[in-house]
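Here the structure comes first, spelled out in structure tokens, and everything after it is commentary.
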Amino acid sequence: MAPLTLSVDVKSSSTTSLDVSKRTMQSPQFKTSKGFASVNAQEDKPLDFFRTLFEGFIAGGTAGVVVETALYPIDTIKTRLQAARGGGKIVLKGLYSGLAGNIAGVLPASALFVGVYEPTKQKLLKTFPDHLSAVAHLTAGAIGGLAASLIRVPTEVVKQRMQTGQFTSAPNAVRLIASKEGFKGLYAGYRSFLLRDLPFDAIQFCIYEQLCLGYKKAARRELSDPENALIGAFAGALTGAVTTPLDVIKTRLMVQGSSKQYQGIVDCVQTIVRDEGAPALLKGIGPRVLWIGIGGSIFFGVLERTKRTLAQRRPNTVKESKEE
């Protein structure tokens, strides 16, 4: 009887496991329990980390370039508003000044951010319990922003100097900044940049991920591209409004050049409030909210679409689809 019983159990357990796995894959609850927005929940495999890293690089770089190209004029207006002192006039010419040089920095910076964010997020989500997923998203966003800042800051310095008319080309800007201010001139306002961007990245991605997670649980399905874009727009606009004072401080420190009108973050805040009033810390909030809101819509929409396309091209995905 033992051999017969063993044979029957193996076959039934095999059949049952196949049925359970199929039901689990089709169940929307499986996606919502593991699918924290853009997470592709999978079993641990040796190449999963590197595949996620690579796909993050591709998706992040693509999304970053699309957003920067589409919304650069709004960003230029925002920068000129923030850099203007007192009743300074805003020039509306050359709104695409510095775009090419900026894309050369945005592409690797966006790729590095998402490339670091995605695998970090997945690792943290496996470490933290479900009710602390927001902590995982916040932490991963901050870590991704810290890594990307090594490229973002020089790119931002050059871009904003060109947007305010100090230079006419990115190579010329880099050469003159380095010669007059030294290498550290390319990292002007680095601490203020981190003060703005680390909270910004952490908050924006956390809001986006958590809203997507809640929406998936309520709808019991994956989100469509328009839904991802709408949630991305809301997350971007809200975060952009909250961090506007930090952005003003960062802009002032970055565009001051060798004049050294401000002696640091605290002095910058005190000088702005004393000379221009506290409302000056909200300069450019309209263009910033518009720019980041639309940018969030485009960025997350393109990001999720690119990631989904890359996931569909995986060999294991193709093999599974053939078997089904």
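Quick look at the values:
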read-out: Test: residue in the stretch 75-88 that is open to solvent by 20 Å² or more (accessible area, probe 1.4 Å) and either touching a Ser or Thr at 6+ places or on another chain (Cβ under 6 Å) or of a type in the set (S, T, N, Q) (or both); value: no
read-out: Yes/no for V158 being of a type outside the set (F, W, Y), in a helix (DSSP H, G or I) and either under 30 Å from T52 (Cβ atoms) or open to solvent by 40 Å² or more (accessible area, probe 1.4 Å) (or both); value: no
read-out: Out of A100, A147, sole residue that is in a helix (DSSP H, G or I), open to solvent by 20 Å² or more (accessible area, probe 1.4 Å) and under 17 Å from L53 (Cβ atoms); value: A147
read-out: Residue check, P279 within 23 Å of the chain's Cα centre (by Cα), assigned to a helix (DSSP H, G or I), of a type outside the set (A, V, I, L, M) and under 18 Å from L81 (Cβ atoms); value: no
read-out: Where L223 falls short, out of the listed (1) under 24 Å from the mean Cα position of the chain (by Cα); (2) in a helix (DSSP H, G or I); (3) of a type outside the set (D, E); value: (2)
read-out: Options Y215, Y262, Y208: the member that is free of Cβ contacts under 8 Å to residues at least 60 places away in the same chain and open to solvent by less than 20 Å² (accessible area, probe 1.4 Å); value: Y262
read-out: Pairs with Cβ under 6 Å, 6+ apart, first in the stretch 153-164 and over 12 Å from I177 (Cβ atoms), second open to solvent by 10 Å² or more (accessible area, probe 1.4 Å) and among the β-branched types (V, I, T); value: T164/V255
read-out: Selection from the stretch 46-59 of residues that are loosely packed, with under 13 Cβ neighbours inside 10 Å and modelled with pLDDT of 55 or more; value: F50
read-out: Matching option when the condition is assigned to a helix (DSSP H, G or I) and over 21 Å from I74 (Cβ atoms), among A237, A218, A229; value: A218
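The values are calculated or read from the model by the stated rules, or taken from the named source; none is laboratory data. Remember, predicted model here, so these are calculated numbers, not experimental data. For neighbour counting, all protein chains shown are included, and Cβ atoms are generated from backbone atoms with ideal geometry for every residue, glycine included. Accessible surface is based on the protein model in full, side chains and every heavy atom, while ligands, DNA and RNA are left aside. Shrake-Rupley method; radii C 1.70, N 1.55, O 1.52, S 1.80 Å.
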